[in-house]
Amino acid sequence: MAGGGGAGRYSLNPRSKSPILLIFLSLLAISVLFFLLTLSPNTRPDYNNPHPTRSPEISFVSSLEDFLAHRAPKPRSDDTVSSTDSTDDVVKALDDSMYTVETERLVHGDSYYPFSTPIRVYVYEMPSKFTYDLLWLFRNTYKDTSNLTSNGSPVHRLIEQHSVDYWLWADLIAPESERLLKNVVRVNRQEEADLFYIPFFTTISFFLLEKQQCKALYREALKWVTDQPAWKRSGGRDHILPVHHPWSFKSVRKFMKTAIWLLPDMDSTGNWYKPGQVFLEKDLILPYVPNVELCDAKCLLETESKRSTLLFFRGRLKRNAGGKIRPKLVAELSGAKDVVIEEGTAGEGGKAAAQNGMRKSIFCLSPAGDTPSSARLFDAIVSGCIPVIVSDELELPFEGILDYRKMAGKLVNIKLHTRRSQRVVKESRSLCTCDCRPANITSSGLLS
C-alpha cells in the first residue's frame, strides 16, 4: 500500500511541522466542545428560512432527511488537485504558498495570533462515493431493523451514536449564517488552511457495505487522500480523519496514523488500536451522540420528584475486555435496595426503556463495555442522571480542557487515564483561567 506512505520528502520539511499546529488542535478541541454543547437533540435548522428558527423535535434521521433534501450535491469546481496533478512541483508550490500565508499572519497580523483568529479548515470535496452516496445508503436502509451486529445490536443505531462525523461535516459546509461552530471558518483555498477535514463516513461504510466492497472503498479513499498535495506536504499531520467507531477504517488506517483522528476513546489496551496509531498528542476524543432524547429544563423539573431509583443500569450484562466487570457488578448489586439492573438491547424498545429508567433514577451505572467508553455515559448526562463510571482505561472527551475534578459530585469513581503528560493541551486551562494545575486525579475510594 505504497500510497499510504505519501508523506514524501516534504513530510520532513520543518515548515510543515509548525508548533502552531498544536495550538490550532487545542483551539479546535475547544470549538468542537462548544459546538457539541450547542447542538442538542431538540434543535434543527430551517434551511428555507434566512433567519433559522428551532423546532422542538430532531433526530439524526430527521436531520439527515432534511440535509439530503436541501443540500443535494451540485457540480462545482474547487482547488482540490487530483492524483495526476500531485507532482513534486505542485506540492512545493503549495508548501511555499502556505509558508507565505503563515509568515504574513505572524509578522503583519494580529499580535495575539493564533488565539485571536478563527481556525481555518479546508474541507475536501471528495467523490460522492465517500460522502453523499453513503448518507443516501443509510437513509434508504435505516428502517431495516433486521440488520444486526454479531452481538445483536441494530447497526443503524450504532451508526447514529457514532454520527459525530455527520454533524461536524454538515455544519462545516452549511451557509455561514446557519453554522453553529463559529470559531471555525471554512476556507476555499488550501494555502489559507490551518487544518484539512476528510469527510469520509468510515462507520457507515463499515456497517452497511459488504466486507470486500468496504475494504475496496477504504483503499480508494486512502489513495485519494494521500495523493493530495496537502497530505504529501505535511505527511497528514494537519488532516482530520473521523474514525469514531473502533472497527471503522481498520484495514488501512495504519497508513494514515499521522492524521488527527476523531475517536470515541483512547483504548491503550491494544484491543482496538495498534501501538503508535493513537495517542494524546494528536488525536481528539469526541462524545457519542446520545441514543435518548434530551431531558431539558422543564423535563428535569418534572422528573426531579419522581427519581425514586437510586442506581439504574440497562444493557448487555456480558461483554469482552473491560466489560467483564459487568457480571461482577451485577453480582455485587443484585438485590440491593432501590437498585435496578436490567438486561437490554439498543433497539427501539430498549431505547424507550433506558430513557424511562434513567429519568426515574438519581445515579446511572456506566461500566466499560467492549471498549472503555460507552454511549450510556452521554445518555445519562442528557437524561439528568448522575453517571457512575467504572472503566479503568477511559479517556473522557476534552479531558485536557474540562476540569472533571470540579464535577466530582456528579461523576463518580473515574479512574482517569495514566498518560496525562502526553496530552497535547497540557496546562491549556491557563488559556482560560490563568490557573495552571496538575493533571486530573480522582480518589479511588469514591464508591467505598
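Laboratory data are not the source of any read-out in this text; all were calculated from the coordinates shown. What you see is a predicted model, and the numbers here were worked out from it, not measured in a lab. Counting neighbours? That spans all protein chains shown, and the Cβs are built from the backbone with ideal geometry, glycine included.
Quick rundown of the values:
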read-out: Residues LEU294 and THR141, FRET efficiency given R0 of 30 Å [Cβ-Cβ distance, rounded to 0.05]; value: 0.70
read-out: Gained length - ASP370 relative to ASN356, 0.36 nm times residue gap less alpha-carbon distance; value: 2.6 nm
read-out: Distance between the stretch 147-225 and the stretch 243-295 - C-alpha centres, whole angstrom; value: 13 Å
read-out: Cross-link table LYS182/LYS351; LYS143/LYS182; LYS223/LYS324; LYS328/LYS351; LYS143/LYS306; LYS298/LYS351, entries beyond 30 Å C-alpha to C-alpha; value: LYS182/LYS351; LYS143/LYS182; LYS223/LYS324; LYS143/LYS306
read-out: Per-residue ³J(HN,Hα) for the stretch 183-195, Karplus 6.51 cos²θ - 1.76 cosθ + 1.60, θ = phi - 60°, Hz, x for Gly and Pro; value: 7, 10, 10, 7, 10, 9, 10, 4, 5, 8, 7, 8, 9
read-out: Distance between modelled label sites at ALA69 and THR117, nm, 7 Å Cα→Cβ extension; value: 4.0 nm
read-out: Angstrom value of the Kirkwood radius, inverse mean 1/r, which spans all Cα pairs in the stretch 299-373; value: 13.0 Å
read-out: Kirkwood Rh, angstrom, the stretch 239-280 [1 / mean 1/r, Cα pairs]; value: 10.3 Å
read-out: FRET efficiency estimate (nearest 0.05) - Cβ-Cβ, LEU209 to LEU317, R0 51 angstrom; value: 0.95
read-out: Values of log10 I(q)/I(0), in the order q = 0.15, 0.17, 0.19, 0.24 Å⁻¹, for the stretch 152-251 under a Debye, Cα-only, solvent-free model; value: -0.72, -0.89, -1.05, -1.31
read-out: Cα Rg, Dmax (largest Cα-Cα span) when computed across the stretch 204-305, Å; value: 17.7, 59
read-out: Rel. contact order, % - alpha carbon contacts under 8 angstrom, at least six apart, the stretch 170-298; value: 20 percent
